[in-house]
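The values are calculated or read from the model by the stated rules, or taken from the named source; none is laboratory data. All values reported here derive from a predicted model rather than from experimental measurement. Counting neighbours? That spans all protein chains shown, and the Cβs are built from the backbone with ideal geometry, glycine included.
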Amino acid sequence: MYKVLLVDDERIILEGISAIVNWNELDVELSGTARNGIEAFSFIQDNKPDIVITDITMPGLDGIGLVAKASEAYPDIKWIFISGFSEFEYAQQAMRFGVRHYLLKPCNETAISEAVTEIVSELREEENEAQYLENIELEVTKVTDEEKIYLFKQLLLYKQVPKSLVENLKEALSDEIDSSAACRFFIAYVEDDLSYEEMENMELNLQKCLSGYNKISTILENRIVFLVESNDDELLRKSLYNCHSQINTVNRRITSLLSHRIDFLELGKDTSLLMKFDDQRFYYDAGTFIDSEQWIGYQTNLLEENLVDVENLSFSIKTGEIEKAFLQFSKMTDQLKKDSIDPRIAKSYFVQLYLLLVSKVVKDYNDDRFKSIEYIDQCARLSEIESFFHYLLEDLFEKRQSQSNKYSKVVEQMKEAVIDNLSNPSLSLQWVANEYLYMNADYLGKLFKKETGQRFSNYVTNERINKAVQIIEREQDIKVFELAERLGFGANPQYFSQIFKRLKGCTPSDIIRAN
């Protein structure tokens, strides 16, 4: 049975999950629990669990820190993250470490069981692959063509291939590749949806184009990957460019990539080889032939000129200047491309930009933010992210217009004045009339009540309390008096707590303790 470690700093949750899940039925055993990341890491060192279910926010070492620390020494551990709040930047960080299971509290037995079941299936599949590799290693000189291709895939897919197997692969593949010769990878990325049969036909056509070369090839998702012996680099380059030209058509776009020279025996040592190839497409258009001489040396430092002014971009959307918003975004992406910013750094920034825009422009924007983050993270090229953001900017503009059409321009300005000045103790109808709109306060109060159905003072109070809930979810260690000061209640936390309880049914201290 697989071993599970459960980590949460809340004793009630720890005991609750331990009790409600039928671990034996899932073919796992709950081998231990921990109250923080430090305890958890110590347990991992001593017991090496297969699965870790952990809270994100914990004292000492949080969930993100735990997975970052443990992944270096124990890369095979599978992770399930549990969080009590919808802070999606945590999901983004979790994905960077390969975490794909992210549950929000309160999560029931079904949600946890489904996640564990999925991971158990992954573990069994990996064990079967490892056993298959071990069997091949025992008789490496007798492998079939199918097994050779399987081994080739393992070398490409970030797998932990036994060192002895890599060293002996030259014998298994001696009919295809001279392991002492220099080799190059040639990868044809199919940009449009094709059936597997169509992919196989394309692979056969490429094999015919390279009929004079020693090679081995395989299909990996949307890639057709060749490892080709390279004695005459210029001749190989011309042959591959001709191959690319033949298969790249209007109705079937192919992006081709030719690698630098690679030592065959070094393949198993670089577990991110295919990822590096994939990243080279990021700034190129679909259908391009990317020669090794065109490879980009990526920069990892984001400078201020690489970033868009989020306030100005938000303002352009709010004021209906959508073309100006497109231009601002395009200037930013052009600068990222010009400065060759690493695709993974760029994607991380795009996720942050996405989260900021949806929070600033439209209240209660209804979308699946985790799926949007995952989509950005999986985009193969900048143009795909640009298309995503063009749609997002238009959608935010339309949603903003839809919300704005409900109220007059004056009432919209009153609401914006509230959102922008929640921390101001002087925020009131009179203050907005005198300092913001320069209009008669009585008139504004009647207009606001007529259009919104509530008094202006009630609207201010509701917005302050809703903002307080958001801050508590984001900053679990915040004090009530700090909340009161930040939301315009001054040095009167008791009054703030009374208002909070009247509107939410509990005090801010209750929510802080629950988190």
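In table form, for the structure just shown:
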quantity: Ser359 vs. criteria of a type in the set (Gly, Ala, Ser), in contact with a Leu (Cβ under 7 Å, 6 or more places away or on another chain), exposed (fewer than 15 other Cβ atoms within 10 Å of the Cβ) and under 27 Å from Arg486 (Cα atoms); calculated: no
quantity: Residues (assigned to a helix (DSSP H, G or I) and over 20 Å from Glu394 (Cβ atoms)) located in the stretch 335-367; calculated: Gln335, Leu336, Lys337, Lys338, Pro343, Arg344, Ile345, Ala346, Lys347, Ser348, Tyr349, Gln352
quantity: Tally of residues being farther than 25 Å from Glu147 by Cβ and in contact (Cβ under 8 Å) with a residue 60 or more places away in the chain across the stretch 191-233; calculated: 2
quantity: Test: residue in the stretch 248-258 that is under 30 Å from Leu336 (Cα atoms), in contact with a His (Cβ under 7 Å, 6 or more places away or on another chain) and either surrounded by fewer than 14 Cβ atoms within 10 Å (Cβ to Cβ) or modelled with pLDDT of 85 or more (or both); calculated: yes
quantity: Candidate set from the stretch 261-312 (those that are more than 30 Å from Lys215 (Cα to Cα) and over 23 Å from the mean Cα position of the chain (by Cα)); member that is modelled with the lowest pLDDT; calculated: Glu305
quantity: Matching entry among Ile64, Ile82, Ile44, Ile12 (being touching a residue at least 24 places away in the same chain (Cβ under 8 Å), closer than 22 Å to Ile472 by Cβ and part of a helix (DSSP H, G or I)); calculated: Ile64
quantity: Any hit, the stretch 48-56, residues being modelled with pLDDT under 85 and surrounded by 19 or more Cβ atoms within 10 Å (Cβ to Cβ); calculated: yes
quantity: Residue in the stretch 226-235 that is among the hydrophobic types (A, V, I, L, M, F, W, C) and farther than 19 Å from Ala181 by Cα present; calculated: no
quantity: Helices (runs of 4 or more DSSP H) (entirely within the stretch 404-515) containing at least 2 residues that are free of Cβ contacts under 8 Å to residues at least 12 places away in the same chain and surrounded by fewer than 16 Cβ atoms within 10 Å (Cβ to Cβ); calculated: 409-420, 441-452, 456-474, 493-504, 508-514
